[in-house]
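*Asks:* Have a look at this one.
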Ligand code: OXD
Ligand code: MN
């Protein structure tokens, strides 16, 4: 008898009409074979799928160049399709599910003629975890197959585990014609279904990532009492006591999450271990504490700016090639060494480079070598700082959550919320300057609550209420902190050194969690007494510190206006606690 998986695959094949159907087994030999096919055959578009790189420099690595119009997530073409528009909320593009399906089905009709349909059974979360979820992705892109193999736990064993069950998340993907006018990333949260066509870019095409592990999973979490969040998970071990404190960190795309997850602490006596660099699934454990797992199995990170100074652990990770292949997408190529190159990998650019589109690069052109959103895809197990708890099915207990954004002004270096709900309010009103991870204007402040604006699969007003509900179930809620590494002076220069020095702020947060230091109460939350920050060895003036911690009336009045406008879209659906916090804040700055 046909299983539910086979039936679904048959239906998608009838629609997309591939020449062949291939079921991914998930073995290393198979991936070698697929990468080889990717090196010799041309895909739709101007380039081959893979170019083999120098394995002495970057073991088992390959370069992929995408279509030049397909380099970032396309939020304007991303939809949440719930029967009622209000359930998707003003934070999502919406289409009625039947209409959406009819529309994309016409694009999927026959789109795999002449191609192979790959079926990828995969699991988000460790297969032994009670929090993990089985999924099936269909795709016609070898690049996507190999990427999914790196980023998730994929293969035949997951198919065996699903067995005859119909409980699996379905993802139908085709690169289609790579035509932006025929590109749609459609989510059907009620059906655990994603249909994505017209893009091969990670955030649009690796359906286990943003599409499932954030958009669909946040919706599941709302129904089932857990949280799917855009967060890193890190452990900080105190070498003296041997104790590890686990911390979650939420930042919008391309704000340094991956660097923070692998930070080499500037202060002696601490060791940082990495559990996740992008997504955390967070459940209330039997002891009333929050426990987090990383549903992914790899890192899909921004290459430019990653170097021995900013993130030496990631450079080691990228060179390791011990587990799975490593992919570089839209970086430059050093033709003398056949190695990938991007701005920030080394201080001086190599003599002979091709840019991200494969054209010879001239320094005088003023053009970039690597696309600003060029990426690496690498297995987490290659990371030297990977935590021993990475595969722990129960996850790790969380003591602190930090939220950040990219703000030139207004927001101080660090601030702690008064309590859980105040933290939810502050996180719900966070603003950040936009980056190149999404197509569109860069550097404008947009409200990006919990860094989830592009990823929350339902109405964000309900999402804020869900956060307060989860808080209500906790016996020992984590402390919540807000950081801004990106403050600038009047000359437009960053005034906080960032990177390894960010650990000074983390150390203060840990002291607050342990209750060993007090703090100043201000209208926006608790702020550090400067004497409690360990600034040993840092050359920083009193004036700079004053600017880092200033809370300016005129700036906050503007900030409050921005929050009011954002909240306004949600009308009466906004939880009353949130609007009350906003009214109180306004009073304080009037
Ligand atoms: C990512 C993103 O790729 O946030 O992680 O865009
Ligand atoms: Mn992300």
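We did not get these values from a lab; they are worked out from the coordinates using the rules stated. Since the model is a prediction, treat every value here as computed from it, not as a measurement. Backbone-built Cβ (ideal geometry, glycine too); neighbour counts: all protein chains shown.
*Asks:* Just to confirm my numbers, what's the Cα centroid distance between the stretch 340-367 and the stretch 86-155 in Å?
*Replies:* Distance between centres, Cα-based: 34 Å.
*Asks:* Ignoring everything except DSSP H segments at least 4 long, calculate the 222 nm mean residue ellipticity for the chain; use -39,500 (n - 2.57) per segment, divide by total residues, nearest 500.
*Replies:* The helix-only estimate for the chain comes to -8000 deg cm²/dmol at 222 nm.
*Asks:* Another one. What FRET efficiency, computed as 1/(1 + (r/R0)^6) with R0 = 25 Å and r the Cβ-Cβ distance, is obtained for residue 409 and residue 569, rounded to the nearest 0.05?
*Replies:* 0.55
*Asks:* How many nm is it between the label spots at residue 550 and residue 532, if each spot is 7 Å from the Cα in line with the beta carbon?
*Replies:* 2.4
*Asks:* Could you list 169, 348 in order of exposure, starting from the residue whose Cβ has the fewest other Cβ atoms within 10 Å?
*Replies:* Ascending number of Cβ neighbours within 10 Å: 348, 169.
*Asks:* In whole Å, what is the distance between the alpha-carbon centres of the stretch 424-445 and the stretch 318-333?
*Replies:* Answer, in whole Å: 29.
*Asks:* Using Cα atoms only, what is the angle between the long axis of helix 97-108 and the major principal axis of the chain, expressed in degrees (0 to 90) to the nearest 10?
*Replies:* The helix 97-108 is inclined about 50 degrees to the chain.
*Asks:* Separation between the residue 103 and residue 6 pseudo-spin-labels, each 7 Å from Cα along Cα→Cβ, expressed in nm?
*Replies:* 3.6
*Asks:* Between the stretch 2-72 and the stretch 156-232, what is the separation of their alpha carbon centroids in Å?
*Replies:* When both Cα centres are located, 18 Å separates them.
*Asks:* How high is the FRET efficiency between residue 316 and residue 543 when r is their beta carbon distance and R₀ equals 41 Å, given to the nearest 0.05?
*Replies:* FRET efficiency, residue 316 to residue 543: 0.60.
*Asks:* Under the 0.36 nm per residue contour assumption, what length would be gained going from the current alpha-carbon distance of residue 224 and residue 241 to full extension?
*Replies:* The residue 224-residue 241 span can extend by a further 2.4 nm.
*Asks:* What is the order of 342, 361, fewest Cβ neighbours within 10 Å to most?
*Replies:* Taking fewest neighbouring Cβ atoms as first place, the list is 361, 342.
*Asks:* Starting with the fewest neighbours, write out 511, 539 ranked by other beta-carbon atoms found within 10 Å of each beta-carbon.
*Replies:* Result, fewest neighbours first: 539, 511.
*Asks:* At residue 76 and residue 520, where each label point lies 7 Å from the Cα along Cα→Cβ, what is the point-to-point distance in nanometres?
*Replies:* 4.4
*Asks:* Express in nm, to one decimal, how much length is gained between residue 19 and residue 33 on full extension, taking 0.36 nm for each residue of separation and deducting their alpha carbon distance.
*Replies:* Here the answer is 3.2 nm.
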